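A short worksheet on the structure shown next.
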Ligand code: GDP
Ligand code: IMO
Ligand code: MG
C-alpha cells in the first residue's frame with residue numbers, strides 16, 4: 001500500500017525541508033514539488049557534498065526516482081538549465097527518466113525580474129521575479145512551459161524533452177500504489193492567503209497547495225508533515241514577534257565569510273566566545289547572533305543574514321490548523337546546544353490582553369509582545385545522538401513541552417545538516 005506525504009514549511013521558510021525531503025526520498029518512488037520558484041533554496045548535505053536546490057525537487061540525488069516540478073511552480077529557464085548542468089557536472093545524469101516539468105508551470109521572464117527588482121524592496125523579496133510572474137498567471141497573460149519550449153532558443157531546446165503532463169504521471173503513480181512525497185517551498189507564514197500579508201510570497205505554500213499545484217485530489221493525501229526549527233527565523237521584512245535583537249541590527253551584520261576575512265579564524269572564535277557569554281548573560285541581540293552563528297542562518301538564495309528568535313508555539317498551532325498537520329519534524333535542535341536558558345513563546349500580549357491564537361492580521365501582530373516560558377538548556381553537544389532516549393533530559397523535556405503545547409507529535413528530530421544526523425520517533429507517520 002503506497003502513501004502520499006506532503007512536506008511543508010511550518011514557519012517562515014528555511015526550516016530544513018531540503019534535508020528532510022532527501023532523507024525521506026529513500027523510501028519514496030516519486031518526489032514532486034508544488035509551488036514557488038527559485039526564491040527557494042533547499043540544502044542537502046551528504047558527507048562533504050553540499051547541494052543547493054532552487055527549483056529541482058530535493059529527491060534528485062537518489063538515483064532511479066522520478067522528480068516532478070508541478071504546475072504550481074514558476075520557472076526561470078536559465079536557472080533550471082543551470083541547475084541541471086550543475087548536477088550533470090557532479091556526475092548525476094538528468095533526463096526524462098528522473099525529471100519532468102509540468103507544461104502548465106509558468107515561465108519567469110526578464111521583465112518579471114526587472115519589475116521585482118523595482119517594486120519588491122518593501123517586502124524584501126528575493127528579486128527573482130516570482131510575484132510578477134504569478135501576477136501574469138492570474139491575469140491570464142503569462143507564458144507556460146508548454147508554449148515556451150516551442151521557441152527556438154538553447155534553454156527551450158534543452159527543456160523540451162522534460163515537459164510533460166505531470167498530473168497524469170503522478171496519478172498513475174497513485175493508481176500503482178507507489179510512495180509519493182510532495183515537497184513544498186517557503187513556509188506557512190509566507191502563504192499568499194494565510195501568511196502575514198503583504199509580507200508573503202505569491203503562491204499557496206500550505207498543504208492545500210499540493211493538490212492545486214500538482215493536479216491531484218485531496219483524497220489522495222495520507223499525511224501532512226511540517227518542518228519546524230527548534231527556534232524561528234525570517235529573511236526579508238515583516239513582523240517576527242519573538243525576534244532577538246532588532247531587524248536593523250541583523251540587516252547590517254556581516255556574514256560569517258566576511259567576518260572570517262576581516263578577523264581571521266582566531267578573531268572569529270574570540271568573537272564567538274564573546275557572543276556566547278553575552279548571550280548567556282541574557283543579552284537578547286547576542287542570543288539572536290548565537291542562533292545565527294550556530295545555525296549558519298544566512299539565506300541559501302540571497303546570502304542575507306536571517307533574523308532569529310525563540311520558538312513560537314502560536315505559529316506552530318496555526319500551522320497545524322491551516323495545514324491539517326499529522327506531525328512535525330523538529331530540525332536544528334543542536335543549534336540550541338550552547339544556551340543555558342531557552343524560551344518558548346506561549347502567548348502574545350496585545351493591548352493588555354493575552355492572546356493564545358495566532359492571527360495573520362499584521363496590524364495586530366505589530367502591537368503584540370511575546371509571553372515566554374523559560375526552560376533549562378542542556379549545554380551539551382547532541383550532534384551525534386541517534387536515539388531520543390540518548391538526548392539529554394532537558395532536550396527531551398523541550399521537545400515534549402512543545403508537543404504538549406501544540407498538541408502535534410514530533411516524528412523526527414534533526415541534530416545536524418547531514419542525512420544521518422536524524423532521529424526517528426514515530427515511524428507510523430512516515431513511509
Ligand atoms: P529549506 O529551505 O527549508 O530547505 O532550508 P534551507 O536549506 O534554506 O536552510 C536550512 C539550513 O540548515 C541548511 O543549511 C541545512 O543544511 C541546515 N540544516 C538542516 N537541518 C539541520 C539541523 O538539524 N542542524 C543544523 N545545524 N543544520 C541543519
Ligand atoms: P525556502 O523554500 C525563506 C521570502 C522573501 C521575502 C518574501 C517574498 O528556501 O524555505 P519572493 O521572492 O518570494 O516574492 O519574496 O518571501 N521568501 C523566503 N524566505 N525561505 C524561502 O524559501 C523563501 N522564499 C521567499 O525573503 O520576504
Ligand atoms: Mg531555504
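The values are calculated or read from the model by the stated rules, or taken from the named source; none is laboratory data. The structure displayed is predicted, hence computed values, not measured ones. Note: ideal-geometry Cβ built from the backbone for every residue, glycine included; neighbour counts use all protein chains shown.
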*asked:* Can you report the number of residues in region 43-75 which are within 16 Å of ligand 3 (Cβ to nearest atom) and farther than 22 Å from residue 164 by Cβ?
replied: 6
*Please give the number of the condition residue 31 fails out of (1) surrounded by 24 or more Cβ atoms within 10 Å (Cβ to Cβ); (2) closer than 26 Å to residue 103 by Cα; (3) within 16 Å of ligand 3 (Cβ to nearest atom).*
(3)
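Every residue, every condition in (1) within 16 Å of ligand 3 (Cβ to nearest atom); (2) outside the structural domain of residue 83 (by TED's automatic domain parsing); (3) at pLDDT 95 or above, yes or no:
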{"site": "264", "(1), (2), (3)": "no, yes, no"}
{"site": "270", "(1), (2), (3)": "no, yes, no"}
{"site": "288", "(1), (2), (3)": "no, yes, yes"}
{"site": "296", "(1), (2), (3)": "yes, yes, no"}
{"site": "315", "(1), (2), (3)": "no, yes, yes"}
{"site": "320", "(1), (2), (3)": "no, yes, yes"}
{"site": "325", "(1), (2), (3)": "no, yes, yes"}
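One line per residue, one yes/no per condition, for (1) over 16 Å from the mean Cα position of the chain (by Cα); (2) away from ligand 1 (no atom under 14 Å from the Cβ):
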residue: 278; (1), (2): yes, yes
residue: 293; (1), (2): yes, no
residue: 310; (1), (2): yes, yes
residue: 316; (1), (2): no, yes
residue: 319; (1), (2): no, no
residue: 324; (1), (2): yes, yes
*Being over 19 Å from residue 165 (Cα atoms), more than 16 Å from ligand 1 (Cβ to nearest atom) and touching a residue at least 12 places away in the same chain (Cβ under 8 Å) narrows it down to one of 19, 78, so name that one.*
78
*Considering 359, 374, 302, which residue is surrounded by fewer than 19 Cβ atoms within 10 Å (Cβ to Cβ), in a loop (DSSP other than H, G, I, E, B) and free of Cβ contacts under 8 Å to residues at least 40 places away in the same chain?*
359
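Give the residues of region 37-52 that are more than 8 Å from ligand 1 (Cβ to nearest atom) and closer than 22 Å to residue 202 by Cα, sorted by residue number.
Within region 37-52, 37, 38, 39 meet the criteria.
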*Taking the residues in region 393-409 that are out of contact with any strand residue (DSSP E or B) (no Cβ under 8 Å at 6 or more places or on another chain) and within 15 Å of residue 330 (Cβ to Cβ) as candidates, determine which candidate is surrounded by the most Cβ atoms within 10 Å (Cβ to Cβ).*
395
*Could you tell me whether region 318-338 includes any residue that is buried (at least 17 other Cβ atoms within 10 Å of the Cβ), away from ligand 2 (no atom under 16 Å from the Cβ), without any contact (Cβ under 8 Å) to a residue 60 or more places away in the chain and in a helix (DSSP H, G or I)?*
no
*When you go through 233, 212, 201 one by one, which is the residue that is closer than 16 Å to residue 35 by Cα and within 16 Å of ligand 3 (Cβ to nearest atom)?*
201
*asked:* Here's a check for you: in region 181-214, which residue that is farther than 22 Å from residue 136 by Cβ and away from ligand 1 (no atom under 14 Å from the Cβ) is nearest to the chain's Cα centre (by Cα)?
replied: 206
*What number of residues within region 181-205 satisfy the criterion of being touching a helix residue (DSSP H, G or I) at 6+ places or on another chain (Cβ under 6 Å) and either away from ligand 2 (no atom under 13 Å from the Cβ) or modelled with pLDDT under 95 (or both)?*
3
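Let's see how each residue does on (1) in contact (Cβ under 8 Å) with a residue 24 or more places away in the chain; (2) touching a helix residue (DSSP H, G or I) at 6+ places or on another chain (Cβ under 7 Å); (3) within 13 Å of ligand 2 (Cβ to nearest atom):
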| residue | (1), (2), (3) |
| --- | --- |
| 116 | no, yes, yes |
| 121 | no, no, yes |
| 125 | yes, yes, yes |
| 133 | yes, yes, yes |
| 140 | no, no, no |
| 146 | yes, no, no |
| 152 | no, no, no |
| 155 | yes, yes, no |
*Restricting the search to region 159-178, which residues are within 11 Å of residue 100 (Cα to Cα), within 26 Å of the chain's Cα centre (by Cα) and not in a helix (DSSP H, G or I)?*
163
